[in-house]
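Inspection log for the structure reproduced underneath, given as C-alpha cells.
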Amino acid sequence: MAEFTYIAMDGEGKQKRGNIVAETETLALEMLSSEDLYPIKLKKANILTREMEISIGKAVSSRDLSVFCRQFASMLSAGVTLMEALDMLAAQTENKSLVKALKNVRKSIMKGETLSSAMRKENKVFPELMINMVVAGENAGKLQITFQRMAIHFEKTAKTEGMIKKASIYPIIVTIVAIIVTVVMLMVAIPKFMNTFESMEMDMPKITLFVVGMSDFLIAHWMVIAGIIVAVVAACKWYGSTEAGKLKKGQIAISLPLLGDLNIKTISSLTARSMGTLLYSGMTLVEAIDIMAKTVGNELFRKALLEAEEDVKQGVEFSTSLKRTNLYPHMVCHMIGIGEETGDMDEMLDKLANYYDEEVEQTTQTVMAALEPMIILVMAALVGLLVAAVMAPMIQMYSQMGSL
C-alpha cells in the first residue's frame, strides 16, 4: 500500500487537500471519485507531505485500521473467504499488534465464534465502534459494505488526528528546547561566567544578581525541584483518573484560549462521523449514542451523551437533549434536528462531519498562526533575560574603565 497526497475539487467547487492510502494511483483516483472529489493533482507522498502516524496510547493507529478495513472489504468483494482474507491480511500487515490480533481472531473463528465476538476479545486493537459495526454488518448481511464504510471513517479520522499532531509538534519541540537551554544556561554557563567577575569586587547589576540567585537556587536544590515536579505530575495523573479529575480535565480542554474551540470542533466532528457510521450500519439511535458516549474521550461530553440517551428513551428528540447540555455548537443540534425531521439522520450526520472536518483544519491553522509568534516571544524573553544578565556587568565594567 502506498500513500498519495492530492488536491481535488468537491461538488460545490471547493478545493480540498489531503492524503489517501491505496495500492495504486488508479485505485487512489477511484477512491477519490467515490467520495465525489475530482482530482486536480495526485502524487506519492514524501517525508514532508506524509501524514503523521503516531499511535500514542493505542496499539494500532487509525490509519492502520483504515488500510485494514479497505483491504478486507476488497477481498470480501472479490469472493475471498473470511479465513483466507484473515490469513492474507496477517501475512501482509506491518503492524505487529494488528498481525497478532488477526491471528487470534482467526483461531477464535475456527472454534466456531463469529467475527465480531472474536474481535471483541482483541478490544485493545479493535475499537468499540468497529466491533459494534461488525455486529450490525453480520446481522444485516452487509459485512463488505460495513468494512467499506469503516475504511472511509478511519481514513478521515486519521487525517484529522494527523493534522492536529503535525501542528502540535512545533510548539512541543520549541518548548522542550527552551527548557533545556534555560536549565543548561543557569546550571553551567552562568556560574562559569560569573566566576570571572567575582575577583573584581564590583557591584553587580540587579538583573545579574537576580539571574545568579536563580542559578544558585537551582544548583543547590535541583534534586528537590525534580522531586516536586515528579510528585506534581504523579498527583495530576492520579487526580485525572478520578471522576472529579476527568470532569475537570474535560472542562479545561474546552475552556483553554485558542485550543478550547479546536477541541469542541474536533469532538463535534468525531461525534457526527461515528454516529453517522453506526446509524448507517443499522443500529438504533439509542445504541449509537451509547457507543459514542464510550468513545468520545471527554468526560463532560460522555455525561452529556449518556443523559441524551436516557432522554431519547423517554421520547425526547436527540437534538433537543443536546441543546440542554450547552456543550455542542448550535450547528450540531440544528443539523441533527433537520435529520430527525427528514428521517435522513445518517446522511445529515455525514454532512455535519464533513463540515466540521473543514472547521478543524481551518481552526488548527489559525491556532498555529497565533501560537508560533507567542512561543517565539516567550523564548526571546528568556534568552534576552539571560543575555542581559551576562552583558550587564561587562557593560558596567567598560563604562567604569572609560570614566577613569
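The values are calculated or read from the model by the stated rules, or taken from the named source; none is laboratory data. Bear in mind the structure is a predicted one, so any value in this text is a computation, not a measurement. Every residue, glycine as well, gets a Cβ built from its backbone with ideal geometry; the counts of neighbours run over all protein chains shown. To get the accessible areas, we keep the full protein, side chains included, count just its heavy atoms, and leave off ligands, DNA and RNA. Shrake-Rupley method; radii C 1.70, N 1.55, O 1.52, S 1.80 Å.
Grab the helices (runs of 4 or more DSSP H) fully contained in the range 308-404, keeping just those with 3 or more residues being modelled with pLDDT under 85.
Details: elements: 318-325, 330-342, 345-403.
Result: 345-403.
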*Does at least one position in the range 223-244 carry a residue that is open to solvent by 40 Å² or more (accessible area, probe 1.4 Å), within 30 Å of M133 (Cβ to Cβ) and at pLDDT 85 or above?*
yes
*Any chance you could count how many residues in the range 154-166 are open to solvent by less than 20 Å² (accessible area, probe 1.4 Å) and aliphatic (A, V, I, L, M)?*
1
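Go through M194, M150 for me and flag whichever is within 38 Å of the chain's Cα centre (by Cα), of a type in the set (A, V, I, L, M) and open to solvent by less than 60 Å² (accessible area, probe 1.4 Å). Please lay out each step first, then the result.
Numbers: M194 fails: within 38 Å of the chain's Cα centre (by Cα).
Only one candidate qualifies: M150.
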*Limited to the range 245-285, what total is found for residues that are under 19 Å from the mean Cα position of the chain (by Cα) and not aliphatic (A, V, I, L, M)?*
16
*asked:* Kindly evaluate T208 against the criterion of being in a helix (DSSP H, G or I), surrounded by 15 or more Cβ atoms within 10 Å (Cβ to Cβ) and at pLDDT below 85.
replied: yes
*Restricting the range 377-394 to residues that are open to solvent by 40 Å² or more (accessible area, probe 1.4 Å) and free of Cβ contacts under 8 Å to residues at least 60 places away in the same chain, which is farthest from L258 (Cα to Cα)?*
M394
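Residues checked against (1) in a helix (DSSP H, G or I); (2) at pLDDT below 85; (3) in contact with an Asp or Glu (Cβ under 9 Å, 6 or more places away or on another chain); (4) under 23 Å from K142 (Cβ atoms):
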residue	(1), (2), (3), (4)
S66	yes, no, yes, yes
Q71	yes, no, yes, yes
S74	yes, no, yes, yes
V80	no, no, no, yes
M83	yes, no, no, yes
L89	yes, no, no, yes
E94	no, yes, yes, no
I109	yes, no, no, yes
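Does the range 272-293 hold any residues that are in a helix (DSSP H, G or I) and closer than 15 Å to E340 by Cβ, and which are they?
Taking the range 272-293 as the starting set, the residues that turn out to be in a helix (DSSP H, G or I) are 272-280, 285-293.
Within the range 272-293, A272, M275, G276, L279, L285, V286, A288, I289 qualify.
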